[in-house]
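Visitor: Supplied in structure tokens, the structure appears directly below.
The values are calculated or read from the model by the stated rules, or taken from the named source; none is laboratory data. Since the structure is predicted, the reported quantities are computational estimates derived from the model, not experimental observations. Note: ideal-geometry Cβ built from the backbone for every residue, glycine included; neighbour counts use all protein chains shown. These area figures cover heavy atoms from the full protein model, side chains too; ligands, DNA and RNA do not enter into them. Shrake-Rupley method; radii C 1.70, N 1.55, O 1.52, S 1.80 Å.
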Amino acid sequence: MEPVNEDKTLKRAVSYDCHGFIVDEESQPEPPQEGSDSSLIQSWTSVCERWHHVQNKSPIKVRNLLKKGLPTEVRSRVWKLFLNSEAPKQQSQFNYQSNVKALMVMLEDYGISEEAGYANLKELNKTIALGEQNDSVTSVVYLRQILMDIDRTFPEHQLFTSDGPGRSSLLHVLAVYTQYNPTVGYCQGMSYVAAMLLMYLDEEDAFWAVVSLFEAPKYLANFYDSEFSKLQRFADVFAMLLKDRQCQLATHLEHLGLHPLMYTVPWFLCLFTFLPCWDTVLLICDLLLLEGQYLHRYMSVCTHHTLA
């Protein structure tokens, strides 16, 4: 695949919207954003401070509060609590910072710059072609795919533009995860989930959030395995839900020979981050992190109905 060239629209961009995405100077200006409701922030802060009690005794309170919205000011704290991402960090002997340092040494050994993107691929291809099929080469194969995907992951967001400060963090999170769980390694789609987390969490917090999302049974465990068996089951369940909720649309798609697996993969693997409205993406993500994967299928039907 050819490198992603910056679009002329990006070169003309002079500002960002409230979520950090580039706004074309020729597009309609975004209306000014009002500050978050201070009482809502206070309510979420109170929930966070008493999280274990609220979670066990009054889970409906969290759901009702989420319906009112999740202010940006508390999103990082709330997401970490929803995911319980401190648990794997405390229970594991895996040291994220040590592995980042080891990664940087490996990058230096291969003459790879964290900022060079596609410029690194020629050297990596040579290493893969000449190397034996060992753990080191396997890591390089993953690294090559990660570098390719970083260049096309939210290039219109201020963190991930060609010189964006989030690119190296995204590389660290994804590459270190291949060391944390070499069985799963890296799969396309992971970069969008990790990038979304990096928009709201510090780098190491984003890494442990990735671990929770990709490995907790409540979320995406086994979604990224080599056979995508769980993804297939979700697509089948989605097909049944679609037939039940949108029978005419389901029949039409069947006549066209379009199985849900052909168009739902980005929704499931990328947590709906391909949707055009980022406020909607965040709402879906907030709900998914709270409720888990059973909501995944329901949201797919809602998304399909909306896009249709």
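Residue-by-condition table, conditions (1) touching a Lys or Arg at 6+ places or on another chain (Cβ under 6 Å); (2) part of a loop (DSSP other than H, G, I, E, B); (3) modelled with pLDDT under 95:
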site: PHE94; (1), (2), (3): no, yes, no
site: ALA102; (1), (2), (3): no, no, yes
site: GLU108; (1), (2), (3): no, no, yes
site: GLU114; (1), (2), (3): no, yes, yes
site: TYR118; (1), (2), (3): no, no, yes
site: GLU123; (1), (2), (3): no, no, yes
site: LYS126; (1), (2), (3): no, no, yes
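Visitor: All but one of (1) under 13 Å from the mean Cα position of the chain (by Cα); (2) over 23 Å from SER113 (Cα atoms) hold for GLU215, so report the exception by its number.
Guide: Unmet for GLU215, out of (1) under 13 Å from the mean Cα position of the chain (by Cα); (2) over 23 Å from SER113 (Cα atoms): (1).
Visitor: Can you find even one residue in region 75-83 that is open to solvent by 50 Å² or more (accessible area, probe 1.4 Å), modelled with pLDDT of 90 or more and under 28 Å from PRO155 (Cβ atoms)?
Guide: Yes, the conditions are met somewhere in region 75-83.
Visitor: Can you tell me which residue in region 196-211 is surrounded by the fewest Cβ atoms within 10 Å (Cβ to Cβ), limited to those that are assigned to a helix (DSSP H, G or I) and more than 12 Å from the chain's Cα centre (by Cα)? Walk me through it before giving the result.
Guide: Of all residues in region 196-211, those assigned to a helix (DSSP H, G or I) come to 196-198, 203-211.
Now restrict to residues that are more than 12 Å from the chain's Cα centre (by Cα): 203-205, 208.
Working: GLU203: 18, GLU204: 16, ASP205: 21, TRP208: 25.
Of everything passing the filter in region 196-211, GLU204 is surrounded by the fewest Cβ atoms within 10 Å (Cβ to Cβ).
Visitor: Scan region 212-234 for residues that are part of a helix (DSSP H, G or I), of a type outside the set (Lys, Arg) and modelled with pLDDT under 85 and jot them down.
Guide: SER229, LEU231, GLN232, PHE234
Visitor: Please count how many residues of region 262-294 are within 22 Å of PRO217 (Cβ to Cβ) and part of a helix (DSSP H, G or I).
Guide: So the count comes out to 14.
Visitor: Among the residues of region 212-255, write down those that are closer than 30 Å to TYR180 by Cα and open to solvent by 40 Å² or more (accessible area, probe 1.4 Å).
Guide: Within region 212-255, GLU215, PRO217, LYS218, ASN222, ASP225, SER226, GLU227, PHE228, SER229, GLN232, ARG233 meet the criteria.
Visitor: Residue by residue through region 28-56, note down the ones that are charged (D, E, K, R) and modelled with pLDDT under 85.
Guide: Of everything in region 28-56, those that are charged (D, E, K, R) and modelled with pLDDT under 85 turn out to be GLU30, GLU34.
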